[in-house]
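The values are calculated or read from the model by the stated rules, or taken from the named source; none is laboratory data. Here the structure is a predicted model, which means the values were calculated and not measured. Please note: Cβ atoms are built from the backbone with ideal geometry, for glycine as well, and neighbour counts cover all protein chains shown. Heads up: the accessible areas ignore ligands, DNA and RNA and are worked out on the full protein's heavy atoms, side chains in. Shrake-Rupley method; radii C 1.70, N 1.55, O 1.52, S 1.80 Å.
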Amino acid sequence: MTSRASRADIDIRPITASEFPDWNRAMNIGFLREPTSDDDIIEARRAQFTPGRSLGAFDGGRCVATFRSFAQELTAVGGAAVPADAVTNVTVAPTHRRRGLLSRMMAQDLAAAKERGDVVATLIAAEYPIYGRYGFGPATSATEWTIDVPRSGLDPRWAGPEDGGRIDLVDAEDVRKFGPELHERLRRAQPGAVSRDELWWRITTGAVRFHPTFHEPFYAMYRSAGGEVEGMVAYTADDHWGAKQPLNTARVKWLSAVTPAAERALWRYLCSVDWVVKVKSDWRAPDDLLPHLLPDPRAAAVTTQADWLWVRILDVVRALEARTYEAAGSLVLEVADSGGLSGGRYRLEASADGSSTCVPTTEGADLALDVAELAVLWLGDESAVRLAALGRVREERAGAARQADALLRTSRRPWCPDIF
């Protein structure tokens with residue numbers, strides 16, 4: 001029997017193209033999927049392979065942990081896009097837990113991201129306790145809703161928008177044609193939103209298939225009275241009947257709208273489809289308009305409310321200067337970073353026009369916090385006063401947390417429509 005390999009014996013490095021099938025198998029195992037993928041699935045997944053950014057941990061030549069990152073843009077408060085290191089496909093084999101493999105892969109990737117000049121790193125956390133120790137904080141949350149259509153109070157005879165717009169069923173080619181520009185408009189206006197490349201649209205429409213089965217959804221598009229595409233939805237429906245009565249559920253895969261009129265029209269459309277008695281939403285913003293678009297908001301029940309996009313700040317100065325501010329004021333922040341990437345003391349000076357400057361300083365701190373808590377405050381969703389009450393932020397000057405809220409919090413909450 002061979003002895004358990006020490007940490008030093010496990011090699012962590014970027015994988016080569018020839019090692020991708022073994023890496024893919026290790027990822028499947030980590031996510032409790034069927035280990036072996038068909039050759040066509042492996043070839044499709046190769047489209048996401050970027051040399052140097054897919055890491056593997058190898059024990060005796062076998063891949064036992066996986067990690068991948070890719071280039072992304074994240075929208076800051078005010079609409080500026082900052083370069084981000086998007087982390088995904090993180091797994092460790094059940095035989096190799098508690099050996100520091102994730103810590104080593106994360107440290108290697110974040111150091112490379114810092115060197116590239118990325119302002120932040122991002123991820124969607126499968127488990128809450130893991131990523132805080134690497135400086136990530138839950139910067140956005142999301143909500144799933146289930147609409148009881150008969151209770152909604154909507155007129156079942158509704159047949160289309162009353163604002164001069166129209167809704168049409170379209171196909172995947174239309175989605176690939178009009179979807180990217182629509183998403184660009186959405187993400188430029190939505191703090192917390194991330195970029196989507198061409199591959200994203202090919203995957204979501206089935207042109208590139210990562211799974212053995214792909215069920216083509218229905219696609220509906222809203223055009224304004226002027227003919228401009230302002231919204232789109234992808235959804236599926238089951239086939240469930242009881243006592244000769246339709247009991248079907250429509251499940252929204254994603255819904256994008258850049259105007260309230262488009263958002264209202266698409267939800268009303270979904271609730272008007274014959275045989276549909278329930279509509280399950282995708283992951284929506286925590287302050288989404290959805291429940292109050294219904295005459296009876298209680299017809300929309302929260303299915304899930306949870307953290308969503310996690311952010312790790314790599315460059316405090318560029319992150320704080322990229323966003324806008326709700327008021328004029330100054331704040332000195334003492335930022336702790338156990339990862340050694342962005343700690344220090346910084347003076348933030350915000351102007352009445354929303355712009356700012358941020359510089360390292362030796363002045364006394366007003367507020368002391370970990371880099372993970374700074375990420376939570378940076379996108380404007382959390383209250384420094386609340387974090388102080390939880391013991392996660394420390395006031396060095398009385399009233400500093402309230403002042404931070406006046407500067408940092410936003411009128412609408414950040415939201416990331418994507419999972420990656």
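Give me the one-decimal nm value for the distance between modelled label points at Ala328 and Thr304, 7 Å along each residue's Cα-to-Cβ direction.
Those two pseudo-labels are separated by 4.6 nm.
Can you give the helix-only mean residue ellipticity at 222 nm for the chain, where every DSSP H stretch with n ≥ 4 adds -39500 (n - 2.57) and the sum goes over all residues, rounded to the nearest 500 deg cm²/dmol?
-7000 deg cm²/dmol
Can I get the semi-axes of region 100-144's equivalent ellipsoid? Compute them from the C-alpha gyration tensor as square roots of 5 times the eigenvalues, in angstrom, largest first.
So the equivalent ellipsoid measures 21, 15, 7 Å along its semi-axes.
Show me 133-139, 56-62 ranked by packing, highest mean number of other Cβ atoms within 10 Å first.
The packing order, highest mean first, is 133-139, 56-62.
For Lys244, go through the lysines and keep the ones whose alpha-carbon is under 27 Å away, minus same-chain ones fewer than eight residues off.
Lys278, Lys280
Using a Gaussian network model of the chain with C-alpha springs under 10 Å, which one of Ala368, Ala306, Ala401 is most mobile by mean-square fluctuation?
Among Ala368, Ala306, Ala401, the largest mean-square fluctuation in the Gaussian network model of the chain belongs to Ala306.
Can you sort Arg13, Arg151, Arg409 by solvent-accessible area, 1.4 Å probe, largest first?
Largest to smallest exposure gives the sequence Arg151, Arg409, Arg13.
Considering Cα pairs under 8 angstrom that are at least six residues apart, work out the relative contact order of the chain and quote it in whole percent.
18
Keeping all protein chains in position, work out how much accessible area Ile29 exposes to a 1.4 Å probe, and write it in Å² to the nearest 10.
About 60 Å², ignoring ligands and nucleic acids.
Can you give the extra length, in nm with one decimal, that the chain gains between Phe420 and Ala112 once fully stretched, where that is 0.36 nm per residue apart less the Cα-Cα distance?
Additional length available on full extension: 108.9 nm.
Provide Tyr128, Tyr346 ordered by accessible surface of protein heavy atoms (probe 1.4 Å), highest first.
Sorted by accessible area, descending: Tyr128, Tyr346.
Among the lysines, which have Cα under 25 Å from the Cα of Lys177 when same-chain residues fewer than 8 positions away are ignored?
By straight Cα distance, Lys177 reaches Lys253.
What's the carbon and sulfur percent of the chain's accessible surface, probe 1.4 angstrom, rounded to a whole number?
The value for the chain is 51 percent carbon and sulfur by accessible area.
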